[in-house]
Every structure is written in structure tokens, then in C-alpha cells.
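Structure, as C-alpha cells:
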Amino acid sequence: LQPGEISIHHIRTVHASKPNRSNDRRIGYAIRYITPDVEQINAPDDSAVLCRGTDAYNNFIHEALPRADMDEAARAEHARIMKLRQGVLYKGVAGKPAHTRI
């Protein structure tokens, strides 16, 4: 890929890329769509955005939509959520993740 381009993959697609030889980090962005009946067993306070329909299960805390781009309240809530998720993703790992700044 050229700088500024993206590639989109199904979660089961095997893919690879050449090493990042730039001075800038490579950024990954994941979007996962699940049905409301799915339960998170490793993080009871996990949250999600309801994209469509209704949620009759309440297995996730519903995230509020930001009021505006770069809304301070939304940024603070995002930081809180990321801290909670790091506690699950890195549970039992010594040290900190390489990129903790959001």
C-alpha cells in the first residue's frame, strides 16, 4: 500500500505486509459487529455502540454518541473505555502496551 491507502480484510483472511520502514507508526483499526445477544465474559463492564435495531439483552453498556467532533466529554469517555479494555487485553502481561496514548 502507498501512504494514505487502506486495505480491508475479513477477520479470517490471512494477510501480510512489508516492514514499516518509515519513522511513523503503522496504525490498525478494527470494527467488529456483533448481535446484542453476545456476552462478554472477560470484561463485565464492556461497552458497545448499538448500530442498528434494538437491544433486548443489555449485555453491554451503551456508549453515547459524541455531540460534536473532538467533543471533550466524548474524548474523556473514550479514554476511560480504552483503559478498561487494556486491563482485559493485557491482563497478566508484564509491562505496558507499546502505544498507550490515545
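The table for this structure:
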{"read-out": "Selected residue (criterion: nearest to the chain's Cα centre (by Cα)) from residues of segment 28-68 that are β-branched (V, I, T) and farther than 21 Å from M82 by Cβ", "value": "T35"}
{"read-out": "Counted residues, segment 28-45 - those being among the charged types (D, E, K, R) and at pLDDT below 90", "value": "2"}
{"read-out": "Hits in segment 11-27 (condition: at pLDDT 85 or above and within 17 Å of the chain's Cα centre (by Cα))", "value": "none"}
{"read-out": "Matching residues, segment 41-62, being over 22 Å from K91 (Cβ atoms) and not hydroxyl-bearing (S, T, Y)", "value": "V49, L50, C51, R52, G53, D55, A56, N58, H62"}
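The values are calculated or read from the model by the stated rules, or taken from the named source; none is laboratory data. This is a predicted model, so every value here is computed, not measured. Here Cβ is always computed from backbone atoms with ideal geometry, including for glycine, and neighbour counts include all displayed protein chains.
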